[in-house]
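**Student:** Take a look at this one; I'll ask things after.
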Number of protein chains: 2
Amino acid sequence: MSNGARRGGKTTREAIFAAALALAAERGITATTMDDIAARAGVAKGSLYYNFSSKDQLFDALLELELSELSARLASAREGLRGRAAIRALVEAVLQAMQEEPDLARVLVTEIFRDDRSWVRTVAVAREGFLSAFQVSCEEAAADVGHPLRNAAIVSAGVFGSALLIGLEWLLRGAQTPRGELVEQVAGDLAAVLG
Amino acid sequence: MSNGARRGGKTTREAIFAAALALAAERGITATTMDDIAARAGVAKGSLYYNFSSKDQLFDALLELELSELSARLASAREGLRGRAAIRALVEAVLQAMQEEPDLARVLVTEIFRDDRSWVRTVAVAREGFLSAFQVSCEEAAADVGHPLRNAAIVSAGVFGSALLIGLEWLLRGAQTPRGELVEQVAGDLAAVLG
DNA sequence: GTCTATAGGCTGATAGAC
DNA sequence: GTCTATCAGCCTATAGAC
């Protein structure tokens with residue numbers, strides 16, 4: 001087949017990515033072998049090395065693709081909004097992403113704190129992008145209520161951390177409450193509790 | 001040597017645990033080999049298998065030990081306190097643990113979301129213990145301000161998540177602000193921002 | 001572009017001396 | 001209890017046919 005071969009509607013590259021992401025979510029990247037990926041993708045191992053120069057490079061490319069899509073989603077969620085409304089939209093976008101791509105969420109959480117891998121830079125850049133989006137909105141929200149932040153970077157990390165664990169707990173419980181409602185409820189509850 | 005042999009003040013078992021934890025923090029458990037652990041601990045590989053039946057069992061024992069110590073610390077931090085004061089004490093205890101044992105923090109974060117390992121139950125039990133400590137205090141705090149929680153489990157997960165990412169960001173920036181001050185500041189800032 | 005076959009290195013685990 | 005020596009299996013990566 002010519003470049004961009006298709007298998008059941010997917011290019012070979014896409015099939016490889018899908019298999020690699022699913023397996024990495026199940027057992028972690030290190031424990032995922034090239035044989036596993038080839039088998040799940042329905043291609044031969046040789047095709048993996050035709051499309052990617054190594055296992056590390058495969059996962060670096062996969063993470064870069066997924067992270068750039070995620071960044072775009074967060075950016076568009078915040079578009080046209082500011083302050084508290086923007087924060088709520090960002091949190092809701094995080095929840096939506098976790099719900100729609102739980103495999104990606106799991107891989108990111110387990111890889112985002114590692115610093116010895118070849119894709120550290122890819123992940124670090126994305127992490128900072130997420131946090132800075134939250135930080136801008138947090139500073140706006142604080143200014144809006146006349147309460148300037150002393151430690152904006154740490155506060156926005158806190159908001160991001162809430163969003164992550166709230167998402168995990170929510171998914172664990174079957175994601176019953178609708179996203180918008182959940183964000184509204186929990187934001188109010190957290191403010192009351194932290195006072 | 002008789003049972004409980006010592007190497008530089010540590011029993012062999014302790015030396016093995018210390019080496020295993022440090023290596024797992026650097027590269028993850030899967031990527032840490034028994035040869036690495038033996039070399040860093042200054043013992044022969046045979047001694048690893050004399051003290052533990054397998055690599056999985058070694059890490060299960062390590063995590064169980066560390067998690068039970070962590071649980072005890074959180075429980076004693078909350079002792080005699082309720083509501084907001086208890087929440088602040090819990091968050092501060094989390095920050096202290098992350099500061100004093102960054103290796104453990106990193107390993108826990110990366111392993112806590114995996115569900116295919118032999119130590120899942122060990123980690124899951126600890127996770128639920130942490131969250132329920134937060135949940136009790138959150139419900140008290142909410143009741144104290146006449147704002148009953150609609151989703152206590154999710155809200156307490158949110159508080160725990162804040163504590164985790166706040167701790168990471170704080171450590172990343174050199175842990176300059178003293179813990180107590182940081183918790184007080186950030187709790188107020190978060191409440192203002194989330195409104 | 002995709003396949004099969006195979007090389008070469010590393011890893012978990014065991015056996016047996018001391 | 002701790003050591004050294006060694007094995008059997010698995011994993012990344014390459015070579016070459018089609």
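**Student:** Could you compute the FRET efficiency for A:ASP144 and B:LEU81, with r as their C-beta to C-beta distance and R0 at 25 Å, rounded to 0.05?
**Tutor:** 0.15
**Student:** Give the order of A:ARG173, B:ARG78, B:ARG27 when sorted by the count of other beta carbons within 10 angstrom, beginning with the fewest.
**Tutor:** So the ranking, lowest neighbour count to highest, is A:ARG173, B:ARG27, B:ARG78.
**Student:** Does region B:86-188 come out rounded, prolate or oblate, given a ≥ b ≥ c as the square roots of the eigenvalues of its C-alpha gyration tensor, rounded meaning a/c under 1.5 and, failing that, prolate meaning a/b above b/c?
**Tutor:** Note, shape of region B:86-188 comes out oblate.
**Student:** Would you calculate the separation in nanometres between label points at B:ARG73 and B:ARG27, each defined as 7 Å from the Cα along the Cα-to-beta-carbon direction?
**Tutor:** That separation, rounded to one decimal, is 2.7 nm.
**Student:** Classify the protein assembly as shown: rounded, prolate or oblate, from the alpha-carbon gyration tensor (a ≥ b ≥ c, eigenvalue square roots; a/c under 1.5 rounded; otherwise prolate if a/b is larger than b/c)?
**Tutor:** oblate
**Student:** Label 7 Å along Cα→Cβ of A:ALA191; region A:77-92 residues with amide nitrogen under 13 Å?
**Tutor:** A:83-88
**Student:** Arrange the following residues from fewest to most other Cβ atoms within 10 Å of their Cβ: B:LYS10, B:LYS55.
**Tutor:** B:LYS10, B:LYS55
**Student:** With unit charges on the beta carbon (Lys/Arg positive, Asp/Glu negative), name the residue among A:LEU90, A:ALA141, A:ILE16 whose Cα is farthest towards the positive pole of the charge dipole of chain A.
**Tutor:** Going by the charge dipole, the pick is A:ILE16.
**Student:** Which of B:GLU92, B:GLU140, B:GLU169 moves most in a GNM of chain B, Cα contacts under 10 Å?
**Tutor:** The residue that fluctuates most here is B:GLU169.
**Student:** Check cross-link reach from B:LYS45 to the lysines: straight Cα distance under 30 Å, and skip same-chain residues fewer than eight apart.
**Tutor:** A:LYS55, B:LYS10, B:LYS55
**Student:** Continuing with this model, one more query. Assign unit charges at the C-beta atoms only (+1 for Lys and Arg, -1 for Asp and Glu), then state the dipole size of chain A relative to its Cα centre in Debye, rounded to the nearest 20.
**Tutor:** Here chain A has a charge dipole of around 400 debye.
**Student:** Can you give the helix-only mean residue ellipticity at 222 nm for chain A, where every DSSP H stretch with n ≥ 4 adds -39500 (n - 2.57) and the sum goes over all residues, rounded to the nearest 500 deg cm²/dmol?
**Tutor:** Mean residue ellipticity, 222 nm, calculated: -24500 deg cm²/dmol.
**Student:** Only loop residues by DSSP count here, and only those with at most 13 other Cβ atoms within 10 Å; note down the GluC sites (Glu not before Pro) in region A:1-75 that meet that.
**Tutor:** Listed in order of number, the matching sites amount to none.
**Student:** For label points placed 7 Å from Cα toward Cβ, what is the shortest-first list of nm distances from A:GLU69 to its copies?
**Tutor:** 4.2
**Student:** Which loop-located trypsin sites (Lys or Arg not before Pro) does region B:111-164 contain, where loop means any DSSP state but H, G, I, E or B and the Cβ has at most 15 other Cβ atoms within 10 Å?
**Tutor:** Counting only loop positions with at most 15 other Cβ atoms within 10 Å, the trypsin sites (Lys or Arg not before Pro) in region B:111-164 are B:ARG150.
No lab work stands behind these numbers, since they all come straight from the coordinates. Remember, predicted model here, so these are calculated numbers, not experimental data. Note that we place each Cβ from the backbone using ideal geometry, even for glycine, and neighbour counts take in every protein chain shown.
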